Amino acid sequence: METRDFLQFSGNFHYDHRLYDRKGLSMSSDKYDRLDQISNLIAIKRFDEAMRICETELSYQPDDTDFLYHKARCLILKDNWAEAEIITQSVLNQSPESAPFLLLQFSIFKQNKQFREAEEILLSLLKNYPEDADLYAEYAILLIQNFHLDKARKLIQEGFRLDPENSEIMIANCLLSMTEGKTPEHSLSKLISEHPDHQNTCILLGNHLIEEGKYSQAFSIFQSLFLVNPDDTETKDILIRLKVKKSPFSWILYPLNRFKNIGIIFFWAFFIGATYGLKKLGYTTASGIISMIWIVYCIYSWIVPSALRFWYQKRGF
């Protein structure tokens with residue numbers, strides 16, 4: 001694996017057999033066909049079938065890194081990160097400079113939110129492959145996830161300079177635009193349907209945006225994912241919850257949505273303290289008004305989100 005051109009493994013790790021011909025490298029036609037078949041199955045999201053082929057081939061050649069690579073990739077796409085990490089680490093123990101498996105490890109680090117370790121892998125790969133636009137895209141997406149948007153924009157610009165038609169850079173550019181609340185130049189759903197490996201990247205970024213209270217930006221990302229897979233009930237549920245949070249009726253609940261338990265504790269402490277303090281100072285009427293406002297707010301926070309959720313489930317979004 002190490003003698004082949006790294007470009008065939010970068011970005012979405014698409015297996016481009018034309019590089020074998022260009023480099024004058026050989027591969028048995030049977031193995032060539034099997035790898036091509038696996039890549040095609042992954043492209044149409046038939047991960048279980050691709051896995052079965054990998055496992056069949058590995059039963060004859062358990063140390064074949066080509067099939068190990070694709071098996072780990074399928075495991076990641078099936079959200080089985082733990083087993084993918086075992087395979088990836090076992091190969092890296094034998095070949096610590098393996099670029100394709102370093103990229104798999106990068107994805108695993110990113111999934112585990114080990115951003116510093118993920119960045120170190122990309123920096124080391126960029127030293128060896130400074131003109132690989134896919135790596136610039138991966139680095140830009142990592143920075144977007146951590147909201148270093150200006151630096152991400154520069155990396156995207158460099159990626160477009162190296163390869164103006166690069167789909168990885170287009171995905172990074174879409175995610176940057178959406179994170180900034182802008183309309184992207186390209187269709188993210190179309191790009192994700194062509195490159196399913198980046199679906200999890202979008203989910204990670206979307207969840208991170210939710211944690212930061214950027215509900216509109218998160219909604220646009222999850223909506224693109226839903227267009228790719230409209231039968232995904234989990235994504236649909238996320239969209240409904242985001243629609244509820246984005247509703248004008250939920251604006252008054254923003255502190256509770258944004259800060260969750262801390263927000264609830266703060267509000268309880270504030271209203272109880274205000275009620276008790278005003279009462280002690282003799283402002284009984286004001287204390288009663290504060291108490292009523294707090295009771296109404298609590299009832300509102302229980303009823304309105306549930307009602308909105310029911311409405312959007314029936315009406316759609």
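Quick notes
- The set of residues from segment 185-213 being over 21 Å from Ile76 (Cβ atoms) and buried (at least 19 other Cβ atoms within 10 Å of the Cβ) comprises Leu209, Ile210.
- Restricting Phe106, Phe67 to those that are within 18 Å of Asn200 (Cβ to Cβ) and not basic (Lys, Arg) reduces the list to Phe106.
- Across segment 198-223, the qualifying residues are those that are more than 22 Å from Ile42 (Cβ to Cβ) and of a type in the set (Ser, Thr, Tyr), and the one among them that is nearest to the chain's Cα centre (by Cα) is Ser220.
- Of all residues making up segment 62-77, the number that are closer than 14 Å to Arg34 by Cβ and among the aliphatic types (A, V, I, L, M): 1
- Residue match in segment 255-269 (condition: among the polar types (S, T, N, Q), in a helix (DSSP H, G or I) and not assigned by TED's automatic domain parsing to the domain that holds Ser193): yes
- Any hit, segment 208-220, residues being assigned to a helix (DSSP H, G or I), more than 30 Å from Ile299 (Cβ to Cβ) and in contact (Cβ under 8 Å) with a residue 60 or more places away in the chain: yes
Every residue, every condition in (1) modelled with pLDDT of 90 or more; (2) of a type in the set (S, T, N, Q); (3) over 30 Å from the mean Cα position of the chain (by Cα); (4) surrounded by fewer than 17 Cβ atoms within 10 Å (Cβ to Cβ), yes or no:
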residue	(1), (2), (3), (4)
Trp251	no, no, no, yes
Asn257	no, yes, no, no
Phe266	no, no, yes, yes
Phe271	no, no, yes, no
Lys279	no, no, yes, yes
Ile293	no, no, yes, yes
Ile303	yes, no, yes, yes
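- Of all residue pairs spaced 6 or more apart or on separate chains, those with beta-carbon atoms under 6 Å, a first member in segment 251-276 that is farther than 16 Å from Glu211 by Cα and a second member that is assigned to a helix (DSSP H, G or I) and not hydrophobic (A, V, I, L, M, F, W, C) are Thr275/Ser287; Thr275/Ser291.
- Which numbered condition Ala72 misses (of (1) surrounded by 19 or more Cβ atoms within 10 Å (Cβ to Cβ); (2) under 26 Å from Glu165 (Cβ atoms)): (2)
- Of all residues in segment 95-151, those satisfying the criterion of being of a type in the set (Ser, Thr, Tyr), touching an Asp or Glu at 6+ places or on another chain (Cβ under 8 Å) and within 20 Å of Arg161 (Cα to Cα) are Tyr136, Tyr139.
- As a summary of the residue check, Thr88 satisfies the conditions (1) in the same structural domain as Leu209 (by TED's automatic domain parsing); (2) surrounded by 21 or more Cβ atoms within 10 Å (Cβ to Cβ); (3) of a type outside the set (Gly, Ala, Ser) except for the one numbered (1).
- Thr201 in contact with a Lys or Arg (Cβ under 8 Å, 6 or more places away or on another chain) and either outside any loop (DSSP other than H, G, I, E, B) or among the basic types (Lys, Arg) (or both): yes
- Among the candidates Asp150, Asp79, the residue that is modelled with pLDDT of 95 or more, closer than 24 Å to Leu188 by Cβ, out of contact with any strand residue (DSSP E or B) (no Cβ under 6 Å at 6 or more places or on another chain) and surrounded by fewer than 18 Cβ atoms within 10 Å (Cβ to Cβ) is uniquely Asp150.
- Qualifying residue in segment 294-317 (condition: touching a residue at least 40 places away in the same chain (Cβ under 8 Å), part of a loop (DSSP other than H, G, I, E, B) and in contact with a helix residue (DSSP H, G or I) (Cβ under 7 Å, 6 or more places away or on another chain)): yes
- Helices (runs of 4 or more DSSP H) (entirely within segment 111-187) containing at least 3 residues that are more than 19 Å from Gln223 (Cβ to Cβ), over 18 Å from the mean Cα position of the chain (by Cα) and in the same structural domain as Gly213 (by TED's automatic domain parsing): 149-162
The values are calculated or read from the model by the stated rules, or taken from the named source; none is laboratory data. All of these numbers come straight from a predicted model, not from anything done at the bench. Virtual Cβ from ideal backbone geometry, glycine too; neighbours counted across all protein chains shown.
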